[in-house]
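Student: The structure is given below, and queries will be raised subsequently.
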Amino acid sequence: MDFVPEDYSTKKCLADELTLSFVNKVLNLEKPDLVILSGDQIFGEASFDSETSMYKVVKPLIERKIPYAMVFGNHDDEGSLSRAELMDLTNSSNLPYSLSSKGPEDVDGFGNYEIVFKGNDNNEKLIIYMLDSHSYSPTKSFRYDWFKESQKDYVKALESSHKNSLNALRMAFFHIPMIEYRDIYQLDPEQYQGKRLETIMSPNINTHMFDVLKDVGIKLISVGHDHANDFCFNKDDITLCQGGGCGYGGYGGYGGYLRRIRMFEIDLENHSITSWKRIDNQLDEIVDYYIYNIK
């Protein structure tokens, strides 16, 4: 299906109903330990009430007592709540099972934080960096904004606190892909997993956040933003993934491309990350199953 809510009268708007049905089915099937929401949870411009819309997003997770963490995209804050207000609404102090945090005030953006998981020996096993990739460019010359120096410094400062956790697996999640994602244009389809069906909508300015993430030991980065890209490929020993779109409130299509959700299974003992996708109307199938062995 390829439609947005405007294609239907108010009484027959099915986007939210279809999206929540799909999400609930995947949650029941996979029973995840953690859910990462990588931005554009709500289409703020079309939402009458951003607060109510966000509650609809997290309700399936709260009902199942699943911890979750989110960053925002370029559409979440186009409605009745600003980016700061959305994070105040959804942070760990205000909503059950939320791990989200606004982050330090002296770091650009809202939603720069980390999630750290420790083993039974109290040693850090998994470190997840959540970053605000911002929204639209402040200048007309570029469409999308870019990471700032304060965010690069923040990542370096966080990593310095983990200097004794060299064996911990490190991942990063944010919404808008970095310019390095465009390197997939140089690859043949057999050199990556998944599909690339649209242009990589990254910023045109490279502030070299990729280099910082590589230097601190990040092994996998996953983003949202492009609805019909759901690939993973390797660049300089970092796996770069896009998740594909799961919401029916935005564009899709592209020759029958169906909504999908990316899954990760993390093996901390063997240092591997397995990923696959669940696709609406094909939930019995595991799509693009692949194991990434982390060096």
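The values are calculated or read from the model by the stated rules, or taken from the named source; none is laboratory data. Small disclaimer: the values here were computed from a predicted structure and weren't measured. FYI the Cβ positions are ideal-geometry reconstructions off the backbone, even for glycines, and counts take in every protein chain you see. Side chains included, ligands, DNA and RNA excluded: accessible areas come from the protein's heavy atoms. Shrake-Rupley method; radii C 1.70, N 1.55, O 1.52, S 1.80 Å.
Student: Quick one: of the DSSP bridges fully inside the chain, what percent are antiparallel, nearest 5?
Tutor: Counting only bridges with both partners in the chain, antiparallel ones make up about 60 percent.
Student: Given 0.36 nm per residue, what is the gain on full extension from Glu285 to Gln191 after removing their alpha carbon distance, in nm?
Tutor: 31.6 nm
Student: Could you compute how much accessible surface Phe173 exposes when probed at 1.4 Å, giving the result in Å² to the nearest 10?
Tutor: Looks like 10 Å² after rounding.
Student: Is the chain best put as rounded, prolate or oblate by its Cα gyration tensor, with a ≥ b ≥ c the root eigenvalues, rounded for a/c under 1.5, and otherwise prolate when a/b is larger than b/c, oblate when not?
Tutor: rounded
Student: When the accessible area of the chain is computed with all protein chains present and a 1.4 Å probe, what percentage of it is carbon and sulfur? Each step should come with its number before you reach the end.
Tutor: On the way: 6910 of 14330 Å².
Ligands and nucleic acids excluded, carbon and sulfur give 48 percent.
Student: Same structure again: I want to check the label-to-label distance for Asn270 and Ile205. Put each point 7 Å from Cα in the C-beta direction and report it in nm to one decimal.
Tutor: Placing both labels 7 Å beyond Cα along the Cβ direction yields 4.4 nm.
Student: Can you classify the range 113-219 as rounded, prolate or oblate using the Cα gyration tensor, where a ≥ b ≥ c are the square roots of its eigenvalues, rounded means a/c under 1.5, and otherwise it's prolate if a/b beats b/c and oblate if not? Working shown, then result.
Tutor: Numbers: a/c = 2.57, a/b = 1.48, b/c = 1.73.
Oblate, because a/c is 1.5 or more while a/b does not exceed b/c.
Student: If you don't mind, another one. Could you name the lysines whose alpha carbon sits less than 17 Å from that of Lys65, not counting residues in the same chain fewer than 8 places away?
Tutor: By straight Cα distance, Lys65 reaches Lys25, Lys31, Lys56.
Student: In terms of the Cα gyration tensor, with a ≥ b ≥ c the square roots of its eigenvalues, is the range 202-260 rounded because a/c is under 1.5, prolate because a/b exceeds b/c, or oblate?
Tutor: prolate
Student: How many Å² of accessible area per residue for the chain, probe 1.4 Å?
Tutor: I get 49 Å² per residue for the chain.
Student: Further question: Using only Cα atoms, locate the centre of the range 255-295 and the centre of the range 90-115, then give the distance between them in Å, rounded to an integer.
Tutor: 27
Student: Which order do peptides 68-74, 256-262 fall in by mean Cβ count within 10 Å, highest first?
Tutor: 68-74, 256-262
Student: Which of the trypsin sites (Lys or Arg not before Pro) found in the range 133-162 are in a DSSP loop and have at most 10 neighbouring Cβ atoms, other than their own, within 10 Å?
Tutor: When the trypsin sites (Lys or Arg not before Pro) of the range 133-162 are filtered for loop state and at most 10 Cβ neighbours within 10 Å, Lys140 remain.
Student: By the scheme Lys and Arg +1, Asp and Glu -1, what is the net charge of all other residues having a beta-carbon under 15 Å from that of His162?
Tutor: Local charge sum for His162: +2.
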